[in-house]
Amino acid sequence: MIIIQKFGGTSVGSKQRIKFLKNIIKKYKNLKIKTVMVLSAMSGETSKMVFLARYFFYKKIKELDCLLCVGEQVSVSLFSILLNSINIESKPLTSVQIGLLTNNDYNNARIISIKNFLLIVKNLRKNKIPVLAGFQGITKSGNFTTLGRGGSDTTAVVIALYLKAKECQIYSDVESVFFSDPRICRNIKMDFASFETMLELSSLGSKILFVRCVEIARKYNVNIRVLSSFLKNKGTLISNKKYFSNSMERVLISGITHSNNEAKITVKNIPNTYGISSKILGPLISNNITIDMVVHNSIIGEKKTNFTFLIENKFIKKTIYLLNRHILLKIGGKIEFEHNITKISVVGIGVRTHNNIIEKILYCTSKLKINIILISTSETKISILIKNNNTIFIIRELYTIFNQNNMFRRNGRVA
């Protein structure tokens, strides 16, 4: 049996924390379970290197990715030294050695294949623990690439797929998946979450796992377990395993998420003509700017319209530049933007068709005298947009009211 164990930046954030991990390794070694380690850079190291690169003025080019790969190589070297010092044989391996091939999208590369994964197998057969550098890959032409946010998680899931591992364990300073942010609410842990639920939670602001690794796990049925590096617990299993409630059509909430890095863009007084949506959003999408919560409002009695949508804060300047270039200079209009806003989402299968869910959301905002800027619904989520300074209050109130009404999906079943 093989298990992949990924340790994030906080887990390897200092010499003491790296040393602490030997207890986890010994446990699986004593159980005679073969393990493969995937490590991130030590906490803060990647940011330091980006800051250093800024001194020399950089753009997102291949030289920067080459620099950012250094952090993971430091981690795997130190960890392998630690294991060998306690008589556990290990082998540090980089993306070059295992042939983790990616495309040429520097800073956000996609994995194509692992050309030399048998090297990992050979070390396992020799009872050595392979210690792999996460987050990094290599192009066909031999250049280093990085996989973007959550890149080490993605690496770990792909390794688990290739080795047909029983599960991929993601270790961090968070002990499990919660129904809402544990920094805001002291709330219930999930023992189990489906891939679909985790995809929704990740895409809507949950920081536990990133969307890409969950997408791969779902596509190829790779079990993921979220665990703490510092606490003994079972964590949360993310799998395609099915659970049934004791009330067939009762709606259950899978989680409450929030994202506070949102910006609202409104393009006002533009011609309400055929294809205007494509003209506005096309240039943004082609420049890898993710669009959310689109609202198209026609002005009654006029051949004008207002177009509103969400983007991430970091894309504000780029979005305004593209809109000015492709829209305002050609057809006129006016751009307004607003940041310091938060998107809060209530996630659960069938939430849109159960009026009591949206009723409770509206009740909470009314009770707290919070103005909703935008609202959107789908079969799996209801999202509202509010000012940042109201985030904590509304999340706590939503958690309380849903918990009181016994509407959270606990362990996959109704509590």
How big is the charge dipole of the chain about its Cα centre, in debye rounded to the nearest 20, if each Lys and Arg gets +1 on its Cβ and each Asp and Glu gets -1 on its Cβ?
1000
Regarding segment 9-74, what is the average projected area of its C-alpha convex hull, in nm²?
5.3
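Can you quote the Å³ per residue value for the convex hull of the Cα atoms in the chain, rounded to an integer?
Output value, Cα hull per residue: 165 Å³.
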Under 19 Å from a point 7 Å along the Cα-to-Cβ line of Asn287: which residues of segment 88-107 have their amide N that close?
106-107
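Just by accessible area at a 1.4 angstrom probe, what is the order of Met42, Met37 from largest to smallest?
Details: Met42 35, Met37 0 Å².
Accessible-area ranking of Met42, Met37, largest first: Met42, Met37.
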Tell me which residues come under 5 Å, amide H to amide H, from Leu252 once H is placed; ignore anything under 5 positions away on its chain.
Ile349
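On full extension of the chain, what length is gained from Lys314 through Ile88, given 0.36 nm per residue of separation minus the C-alpha to C-alpha distance? Show your work: numbers first, answer last.
Working: separation 226, 0.36 × 226 = 81.36 nm, distance 4.42 nm.
That pair, Lys314 and Ile88, stretches by 76.9 nm at full extension.
When the accessible area of the chain is computed with all protein chains present and a 1.4 Å probe, what percentage of it is carbon and sulfur?
Numbers: 10930 of 20800 Å².
Of the solvent-accessible surface of the chain, carbon and sulfur hold 53 percent.
Of Lys207/Lys369; Lys126/Lys189; Lys15/Lys207; Lys166/Lys207; Lys26/Lys115, which ones are farther than 32 Å apart at the Cα?
Lys126/Lys189
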Among the aspartates and glutamates, select those whose C-alpha is under 12 Å from the C-alpha of Lys268, and discard any that sit fewer than 8 residues away in the same chain.
Glu336
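Tell me the per residue accessible area of segment 60-101 using a 1.4 Å probe; a whole number in Å² is fine.
Working: 1850 Å² over 42 residues.
Per-residue value: 44 Å².
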Asn107 versus Glu196, label points 7 Å from Cα toward the beta carbon: distance in nm?
3.6
With unit charges on the beta carbons (Lys and Arg positive, Asp and Glu negative) and the dipole taken about the Cα centre of the chain, which residue among Asn221, Leu132, Ile384 sits farthest to the positive side?
Leu132
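Counting only heavy atoms of protein chains, what accessible area per residue, in Å², does segment 305-415 have with a probe of 1.4 Å?
Working: 5600 Å² over 111 residues.
For segment 305-415, the per-residue accessible area is 50 Å².
The values are calculated or read from the model by the stated rules, or taken from the named source; none is laboratory data. Computed from a predicted model, the values in this text were never measured in an experiment. With ideal geometry, Cβ positions are generated from the backbone for all residues, glycine too; neighbour counts draw on all protein chains shown. Side chains included, ligands, DNA and RNA excluded: accessible areas come from the protein's heavy atoms. Shrake-Rupley method; radii C 1.70, N 1.55, O 1.52, S 1.80 Å.
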